[in-house]
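Input: a single structure, listed below in structure tokens.
All of the numbers you see were taken from the coordinates with simple rules; none came from a lab. All values derive from a computational prediction rather than experimental measurement. Every residue, glycine among them, receives a Cβ derived from its backbone with ideal geometry; neighbour counts consider all protein chains shown.
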Amino acid sequence: MNFPSFPSALLKHFPSSLAGLVLVTCLSACDTVTTTQYEATALTTYTWQVEYATSLSSSKNSRFENFTSTSLLNRNGIQPEMAVTGPDDRGLWWPALPPRPTVDEVEAKTQANEMARTPELIKSVYYEISFQANNQTQTLPTNHEVYREVVKAYPNQIPLELVLGLNNQSVEKAEPQ
């Protein structure tokens, strides 16, 4: 079966057209809020993780087990009391490393016909922003860019315009006013 080919000019503009469509959808479905009361948090976490698989040469049919982890709550870019390292190149502070799983702990989680890879230390960050709007405090997930805008605006309490995500379930953008 032969499918018609798209003209190359159409394909060349497809990514920008798709981005425009997403922007129009968001603008029609996303609210904005201006606030002077806000704070952003970034929960930084180290987790030891091991991949188990029946064949270490393939990731097919593999599974992951998480072992110990440690976390640290960053608030508005201010160094947390328990910070061990930081700020890193993204302005985040990190906790102490969790204890590495022992060979006995790794072997204890091995299932039939499985082999374990070397434990890996995984870094993750979860961002939230809390803000006051319409006499209500809301806390929503956000991203690194919004966190950084709050870090810069917070010391002087500069008003921020927040662009909420789809169904107002997240904060996608923050701009100083």
If you filter region 96-159 for GluC sites (Glu not before Pro), then keep DSSP loop positions with at most 10 other Cβ within 10 Å, what is left? none
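For a protection proxy built on the mean count of beta-carbon atoms within 10 angstrom, sort 37-50, 159-172 highest first, please. Let's see the in-between values first.
On the way: 37-50: 18.8, 159-172: 16.9.
Descending mean neighbour count gives 37-50, 159-172.
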